[in-house]
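None of the figures in this text is laboratory data; all of them are computed from the coordinates on show. Predicted model only: the values in this text are computed from it and were never measured. FYI the Cβ positions are ideal-geometry reconstructions off the backbone, even for glycines, and counts take in every protein chain you see.
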């Protein structure tokens, strides 16, 4: 079944490429805080029993992030249809504190790496201005913060869960490009990579 789907996709892309000259572009951008990603780095624990170790253990302050940085390689099959391969990275950091003295014990940091193919639909294509939307589905790998191994108490002892590998989705209902060979872009998106606005610059090959 999977083989048939891959063959069908390959035939579709070949047919699209045969009907029009394929073009390429490269985008470098930055976006607002990834809300879902920030929550992955919050070492929240659920307890059945509040032991002394749980009560007086180290704790951390709020999670900080710069937002997500992205690089997209775009393949334009038609004036209205294209595909992007997006590679993203988002750093996180937080400060830890001693549970007894409340003194700082240092900072912890982590980074989220995203790999996401996107389908791009262009509904207005002019030489200097283009309006588009896209949909992306991919994966994210989260490094740092003790590799996101959450722990919680059970009647059989403490259990550890690795939450460092996640499915990712991003929807951009509206985006705008302005410029010709070198262009700027700004888009509004909802998903696990970011919530809000992403903007940057690009180059058409």
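Fully extending the segment from residue 124 to residue 186 would add 20.8 nm, taking 0.36 nm per residue of separation and subtracting the current Cα-Cα distance. As a proxy for reagent exposure, ranking 90, 186 by other Cβ atoms within 10 Å from fewest up yields 186, 90.
Considering the stretch 65-143, its Cα convex hull presents a mean projected area of 7.1 nm².
Descending by average beta-carbon neighbour count within 10 Å, the peptides 120-127, 69-76 line up as 69-76, 120-127, the highest first.
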